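Here the structure is laid out as structure tokens; the discussion comes afterwards.
The values are calculated or read from the model by the stated rules, or taken from the named source; none is laboratory data. Computed from a predicted structure; not experimentally measured. Cβ sites come from the backbone with ideal geometry, for glycine too, and all protein chains shown count toward neighbours. Surface areas here come from the heavy atoms of the whole protein model, side chains and all, with no ligands, DNA or RNA. Shrake-Rupley method; radii C 1.70, N 1.55, O 1.52, S 1.80 Å.
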Amino acid sequence: MKLKISTLFLLCFTIILGHAQTRQNEIVNEAISLYGFGRIDEAFKALDDCIAKYPNFDQALYIKANWCIISKKYGDALPLLEKLESINPKFNPQQKKLIAECYFSMKNYDKAEEYILEFLKHPNLSPQAQIYGQRMVKNLDFVRSQTNKTANIVYHNLGPEVNSSFNEYFPSTNGDESTIYFTRRDKQGEDIWLSYAQGNNWSTAYKIDEPELENEMRYVSINTHSNDGAHTISTNGRQLLFTSCHRPAPDGLGSCDIFISFKKGEEWGRPKMIPDVNTRGWESQPCLSADGKRLFFVSSREGGIGESDIYMSVRTQEGFSTPVNLGAKVNSIGAEDRPFIHPDGQTLYFSSDAHPGYGGKDLYMSRWENGEWQTPINLGDQINSIGDEISIFINTLGDKAYIAKENNENNRSDFDIYSFSLPKEFRPKTVTYLKGIVSNAKTGQPLKASIKLSDIAESKSIYTLNSDEKSGDFLMTILADKEYGFHVIKEGYAIYSQNYSFSATDNQLTPQVLEIKLMPLEAGAKFELRNVFFETSKFDLKTTSYPELNYIVDILKNNPNLNILVGGHTDNAGNVANNLTLSENRAKSVMNYLIEKGIAAERLSAKGYGSSKSIHTNDTEEGRAKNRRTEIEIL
């Protein structure tokens, strides 16, 4: 991330050096030096003293106006610039652009247009200056067209435990918001830091690690002695994708490259560069989709649309596919930055300096619909400003956002991290999450197991992940308005099965916290099959039952000495005798399916229990649904 202070400092310094060293020049140079060393208050006082003594000194007026604009004090900058206009209207062509910015920030769009058009008439503008002026004209048209105003947003600074006198930006959290990761730029450069949630507050932040060299050239750590950051954490908190700049070969390729590190227990592994997406150019700001299948990032590689574009690469068994540019609807002739794909998998947030907006870099969202990304939507004047909004992160539930904004208190102009309630019109589709710990039911030992989520209606896998091998924990996200089969599978253990159906309108999207205890495959072990389905009052298997039953087929084929009893159970509705017959027929249907799939009949038996072995109350629909079940018992 580039800081404005250094750029304007050099600009102002260049102006001063071009003039004779009079006393007023000396005072201004002293102020510039103070400002460059971060002694902001002293620098402002020096300029104030200079202007008080030399009220028509154009250079002092211009520099102080610049500094006020850096601090977003447009009301203080405008009188200085207007006085400069009256004294020397041709002192610097930039002064008309700065006046336009002041009026733009004050929502005086007519005056802003007047001055920006004057600015564009200057014959010797650089191409960059012309693009800036033309964009402001487009932005003026845009803001005048905005009739639907977003309700006022209250921003909450994350506090001194996270924010400092340096710059903090690029926030991201794991799926349950228990940990926040961010980039801090201090005197040593950029590094990745983290903090843990403590109620409504955060713990004191610390670096994810310290630079560590295996030898004089190869880092084994995430942070190095150069710049590291622009990262994202996976929803399960086990994969960190980040940007590392100038990491020596063979670990790095270009100026900045994308790396990945995996966490086991509490330890992060050695970072590895992702060769499929990196070039000898600049790649940065990666974001991994919740299912782990798509990687979004920014690159300035040749063949792009603008200065920097957003690309996407698909994860394969071999690595990642050749990146694809997201196209001209998302990418502009300017610079797109910091893509964030929400766990809904369909809503992309990003920053841009060329789409119509409120000035500087604005934040946008685009939805994936009908096989393509839609025209980006500006996130509104309560989120965007005339300054730079460089990144936004939306929590899993979609109702809270984290953002880096400039903190302009006490003449500061550094970035802090804030949170706020995301307006409904900018929220992604409704998502919740499942998290838990997998362990051995007998010993309590944490287990590394395969966690699978499938779409029942379409009989297809959504995604698969593993619980952590040291802690047994996992977290996965679930999109509302679908029915899911959820399975936990480990060789040598009975499967764990659940069925989930969440509606975006029923307010039952509370995240699920599970304690999954897998039974070893030994005599007497019992487990339920929650994704075996029958027509009401019938015993014909629905085809949506097949994926779960195929897991049982695999267990039996992998354990040829294993014999099982299939048990059928009903609720207490209806005739007792009929329920007993129905439950037995359903158990036999499951057994017959297993036989059809090649399991020897002598290894299988079936029995119906009707409602005689209820495990929940039959007084509620929820309880009756849980009593209607298929069970497997190891014989």
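Gain on full extension, evaluated as 0.36 nm per residue between Ala523 and Arg39 minus their Cα-Cα distance, stands at 166.7 nm.
Cross-linked pairs Lys293/Lys482; Lys207/Lys517; Lys329/Lys400; Lys361/Lys429; Lys264/Lys424: Cα-Cα separations exceed 29 Å for Lys207/Lys517; Lys264/Lys424. Where only DSSP H runs of four or more residues are counted, the chain gives -8000 deg cm²/dmol as its mean residue ellipticity at 222 nm, each run worth -39500 (n - 2.57).
3J(HN,Hα) along the stretch 619-631: 8, 10, 5, 4, x, 4, 4, 6, 6, 7, 8, 10, 10 Hz, from the Karplus curve 6.51 cos²θ - 1.76 cosθ + 1.60 with θ = phi - 60°, whole Hz, x for Gly and Pro.
3J(HN,Hα) couplings calculated from phi for the stretch 193-198 with the Karplus curve 6.51 cos²θ - 1.76 cosθ + 1.60 (θ = phi - 60°) are, in sequence order, 10, 8, 8, 9, 5, 9 Hz; Gly and Pro show x.
Dividing the convex hull volume of the alpha carbon atoms of the stretch 374-483 by its residue count gives 172 Å³ per residue.
The label-point distance for Lys607 and Arg144, in a model that sets each label 7 Å from Cα toward Cβ, rounds to 8.2 nm. When the chymotrypsin sites (Phe, Trp or Tyr not before Pro) in the stretch 181-259 are filtered for DSSP coil states and for at most 16 other beta-carbon atoms within 10 Å of their beta-carbon, no site remains. Based on protein heavy atoms only, the stretch 150-299 ends up with 41 Å² per residue of surface accessible to a 1.4 Å probe. Nearest 10 degrees is fine. How inclined is helix 4-17 to the longest principal axis of the chain, computing both from alpha carbons? The helix 4-17 is inclined about 10 degrees to the chain. Against the main long axis of the alpha-carbon atoms of the chain, helix 23-36 sits at an angle near 10°. Over the chain, with every protein chain in place, what whole percent of the accessible area is carbon and sulfur at 1.4 Å, could you tell me? So the carbon and sulfur contribution to the accessible surface is 49 percent. So what's the angle, to the nearest 10 degrees on a 0 to 90 scale, between helix 94-105 and the longest Cα principal axis of the chain? Value to nearest ten degrees: 50.
When the Kirkwood radius is taken over all Cα pairs of the chain, what Stokes-Einstein diffusion coefficient follows at 37 °C and 0.692 mPa s, in µm²/s? My calculation gives 117 µm²/s for D.
For the stretch 476-486, putting each phi into the Karplus relation 6.51 cos²θ - 1.76 cosθ + 1.60 with θ = phi - 60° gives couplings of 9, 9, 9, 7, 5, 6, 9, 9, 10, x, 10 Hz, in residue order, rounded to whole numbers and with x for Gly and Pro.
Rolling a 1.4 Å probe over the protein heavy atoms gives the stretch 343-465 an accessible area of 35 Å² per residue.
When each of the peptides 457-468, 28-39 is scored by how many other beta carbons lie within 10 Å of its residues on average, the order from highest to lowest is 28-39, 457-468.
Annotation note: trypsin sites (Lys or Arg not before Pro) in the stretch 175-212 located in DSSP loop regions with a Cβ neighbour count of at most 16 within 10 Å are Lys187.
Applying a DSSP loop filter and a limit of 16 other Cβ atoms within 10 Å to the trypsin sites (Lys or Arg not before Pro) in the stretch 328-372 leaves Lys329. For the stretch 193-333, the normalised intensity computed at q = 0.09, 0.13, 0.16, 0.20 Å⁻¹ comes to -0.29, -0.60, -0.87, -1.24 (log10 of I(q)/I(0), Debye sum over alpha carbons, equal scatterers, no solvent).
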